[in-house]
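**Student:** Attaching a single structure in structure tokens format; questions to follow.
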Amino acid sequence: MTQAIATVALVVRDYDEAIGFYRDRLGFELVADTPLGGGKRWVVVAPKGGKGARLLLAVADSEAQMARVGDQLGGRVGFFLETDDFARDHASFTARGVRFLEAPRHEAYGSVAVFEDLYGNRWDLIEPRG
């Protein structure tokens, strides 16, 4: 039996602004945008050509969920975007206005820098050491 984590939900404030960030700033593809009725949508984004998990952008629909937007992991890095060319993607993201919280660093496991999405969730951009 083979299993994989295919999709991870990310609570967002607004579908369209979240789509805009992931598509226009990170270069993700819009995989699905299906109306579900009552203003809800099934919105999935993923890195182009990616083989890993996709993000389900889920609009907060309660005060408790809205309080979690941007802080789903208590300020920890919660998402790890692997790349085959760290320098290329770091430069591209920076040029598109992605906010990095630190300068790139080279660790035993690879090149990495932490950035924030439009809500403040922390991500690692990482090129694993070969």
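The values are calculated or read from the model by the stated rules, or taken from the named source; none is laboratory data. For clarity, every value in this text was computed on a predicted model and none was experimentally measured. Quick reminder, even Gly has a Cβ in these numbers, built from the backbone with ideal geometry, and neighbours come from all protein chains shown. We work out accessible area using only protein heavy atoms, side chains counted, and drop any ligands, DNA or RNA first. Shrake-Rupley method; radii C 1.70, N 1.55, O 1.52, S 1.80 Å.
**Student:** Residues to consider are 24, 33; find the one that is out of contact with any Cys (no Cβ under 7 Å at 6 or more places or on another chain) and farther than 23 Å from residue 4 by Cα.
**Tutor:** 24
**Student:** If I filter the stretch 13-35 down to residues being open to solvent by 90 Å² or more (accessible area, probe 1.4 Å) and in contact with a helix residue (DSSP H, G or I) (Cβ under 8 Å, 6 or more places away or on another chain), which single residue comes out as farthest from residue 48 (Cα to Cα)?
**Tutor:** The residue in question is 13.
So that you can scan it fast, the table gives a plain yes or no per residue for (1) in contact with a Phe, Trp or Tyr (Cβ under 7 Å, 6 or more places away or on another chain); (2) closer than 20 Å to residue 126 by Cα; (3) assigned to a strand (DSSP E or B):
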| position | (1), (2), (3) |
| --- | --- |
| 5 | no, yes, no |
| 11 | no, no, yes |
| 16 | no, no, no |
| 23 | no, yes, no |
| 41 | yes, no, yes |
| 56 | no, no, yes |
| 73 | no, yes, no |
| 94 | yes, yes, no |
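**Student:** With respect to residue 59, determine if the residue is more than 14 Å from the chain's Cα centre (by Cα) and surrounded by 14 or more Cβ atoms within 10 Å (Cβ to Cβ). Quick ask: steps written out before the conclusion?
**Tutor:** On the way: more than 14 Å from the chain's Cα centre (by Cα): yes; surrounded by 14 or more Cβ atoms within 10 Å (Cβ to Cβ): yes.
Yes: the conditions hold for residue 59.
**Student:** Sticking with this one: Would you check if residue 42 is hydrophobic (A, V, I, L, M, F, W, C) and open to solvent by 40 Å² or more (accessible area, probe 1.4 Å)?
**Tutor:** Judged against the criteria, residue 42 is a match.
**Student:** In the stretch 80-121, which residues are among the β-branched types (Val, Ile, Thr), open to solvent by less than 60 Å² (accessible area, probe 1.4 Å) and over 15 Å from residue 47 (Cα atoms)?
**Tutor:** Pass one, the stretch 80-121, residues among the β-branched types (Val, Ile, Thr): 83, 94, 98, 112, 114.
Narrowing the set further to residues that are open to solvent by less than 60 Å² (accessible area, probe 1.4 Å) leaves 83, 98, 112, 114.
Residues satisfying the conditions are 98, 112, 114.
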